[in-house]
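The structure appears right after this line, and notes come after that.
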Amino acid sequence: MNTLARVEDLHISFGGVAAASGISLTVEQGEFLALIGPNGAGKTTALRMVAGLLRPDRGRVFFGERDVTNLPAHARVRLGLGFTHQIVRPFYGFTTVENVMLAAGHHQTESPWRALASRSRAAAREKAQAILERIGLGAQAGQSPRALPLGQRKRLEVARALALDPKLLLLDEPLAGLSSHEATTMADLVRALSGQGITVVLVEHNLGEVLRVADRLVVLDAGKVLAEGLPKDVMARPDVRQAYTGVI
Ligand SMILES: Nc1ncnc2c1ncn2[C@@H]1O[C@H](COP(=O)(O)OP(=O)(O)O)[C@@H](O)[C@H]1O
Ligand SMILES: [Mg+2]
């Protein structure tokens, strides 16, 4: 397997509280990696350092062969590093398909609004529509995101990330708050993306779905990697069960 991304010895503290203390991990090309761990373990912080939304106090981030530690998030996006936020924030004044077009425009022109006005608008709309079809939102293209149930709004967030043609997709709790039916739909969808050449790192609390769909687990606890490996092996470890006691 080829390594697509890796982090080495990441450290970061917030006001003296260490949220990451020496996190090192590797993401292989094409894999579906789930990053799990109790609340406050440092999962979101780790994702944000990979995405370039937070600068580590110490340590390096590599994407492909390249050291991207000092690159801002928008430059990493251009290299193929996509991410979604835990809290979805669509533009409510635009339709669902326009939201995907705006995300793509942000990548290509730096001025997202131009994506709606440019001569390539028809092509952009076609591409955005195709992305919506891919994630099962084709029929909602003309609706406001306000009209979409949470599960669909979360899928729109994934569609917005897909508009940027990511090689690596970092997803922060895309199943949070969803009904079990919606969660299964989302987990299946992410699994399908990982089968379509997109490498996925999923942060998720819904262990049932994680164990069903992920190839490999990394468990974070108190800002450190506690365990990693095949889901069934990792979940059999007493220290992993201990870390979760009272949390799930
Ligand atoms: N911007 C911040 N300011 C202060 N503390 C933070 C900040 N972001 C995260 N933390 C702290 O860092 C730790 C890890 O948080 P986080 O990465 O959000 O955990 P997780 O996503 O695993 O629940 C927690 O103790 C959290 O309170
Ligand atoms: Mg989090």
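The values are calculated or read from the model by the stated rules, or taken from the named source; none is laboratory data. Remember, it's a predicted structure, so these values are computed and weren't measured experimentally. Using ideal geometry, Cβ is built from the backbone for each residue, glycine included, and neighbour counts are taken over all protein chains shown. Protein only, heavy atoms only, side chains kept; ligands, DNA and RNA dropped before computing areas. Shrake-Rupley method; radii C 1.70, N 1.55, O 1.52, S 1.80 Å.
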Condition met for Thr45 (of a type in the set (Ser, Thr, Tyr) and closer than 25 Å to Gly195 by Cβ): no
Tally, over the range 16-32, of residues that are open to solvent by less than 40 Å² (accessible area, probe 1.4 Å), more than 15 Å from Thr69 (Cα to Cα) and within 16 Å of ligand 2 (Cβ to nearest atom): 2
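Residue check: is Leu71 within 13 Å of ligand 1 (Cβ to nearest atom), open to solvent by 20 Å² or more (accessible area, probe 1.4 Å) and of a type in the set (A, V, I, L, M)? It would help to see each step written out before you state the result.
On the way: within 13 Å of ligand 1 (Cβ to nearest atom): no; open to solvent by 20 Å² or more (accessible area, probe 1.4 Å): yes; of a type in the set (A, V, I, L, M): yes.
Criteria not met by Leu71.
Quick grid of which residues meet (1) surrounded by 22 or more Cβ atoms within 10 Å (Cβ to Cβ); (2) farther than 23 Å from Val240 by Cα; (3) modelled with pLDDT under 95; (4) not assigned by TED's automatic domain parsing to the domain that holds Val213:
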{"position": "Phe14", "(1), (2), (3), (4)": "no, yes, no, no"}
{"position": "Ile36", "(1), (2), (3), (4)": "yes, no, no, no"}
{"position": "Leu47", "(1), (2), (3), (4)": "yes, no, no, no"}
{"position": "Val50", "(1), (2), (3), (4)": "yes, yes, no, no"}
{"position": "Asp67", "(1), (2), (3), (4)": "no, yes, no, no"}
Where a residue in the range 31-45 is at positive phi and its partner, wherever it lies, is in a helix (DSSP H, G or I) and near ligand 2 (Cβ under 8 Å from one of its atoms), with Cβ under 9 Å and at least six apart: Gly37/Lys43
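Being over 20 Å from Gly40 (Cα atoms) and touching a helix residue (DSSP H, G or I) at 6+ places or on another chain (Cβ under 7 Å), is that true of even one residue in the range 240-247?
No, the range 240-247 has no match at all.
Counting only residues that are in a loop (DSSP other than H, G, I, E, B) and under 12 Å from Arg216 (Cα atoms), which one in the range 30-44 is farthest from ligand 1 (Cβ to nearest atom)?
Gly30
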Test for Pro56: is it in contact with a Leu (Cβ under 9 Å, 6 or more places away or on another chain), modelled with pLDDT under 95 and in the same structural domain as Asp172 (by TED's automatic domain parsing): no
Test: residue in the range 80-95 that is part of a helix (DSSP H, G or I), open to solvent by 50 Å² or more (accessible area, probe 1.4 Å) and over 11 Å from Arg160 (Cα atoms): no
Number of positions in the range 202-224 that are within 16 Å of ligand 2 (Cβ to nearest atom), among the aliphatic types (A, V, I, L, M) and out of contact with any Asp or Glu (no Cβ under 9 Å at 6 or more places or on another chain): 3
Single condition Val27 does not satisfy, out of (1) farther than 21 Å from Arg160 by Cβ; (2) touching a strand residue (DSSP E or B) at 6+ places or on another chain (Cβ under 6 Å); (3) touching a residue at least 60 places away in the same chain (Cβ under 8 Å); (4) within 13 Å of ligand 1 (Cβ to nearest atom): (4)
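Which residue is surrounded by the most Cβ atoms within 10 Å (Cβ to Cβ), if the candidates are limited to the range 158-187 and must be away from ligand 1 (no atom under 16 Å from the Cβ) and assigned to a loop (DSSP other than H, G, I, E, B)?
Going through the qualifying residues, I end up with Ala163.
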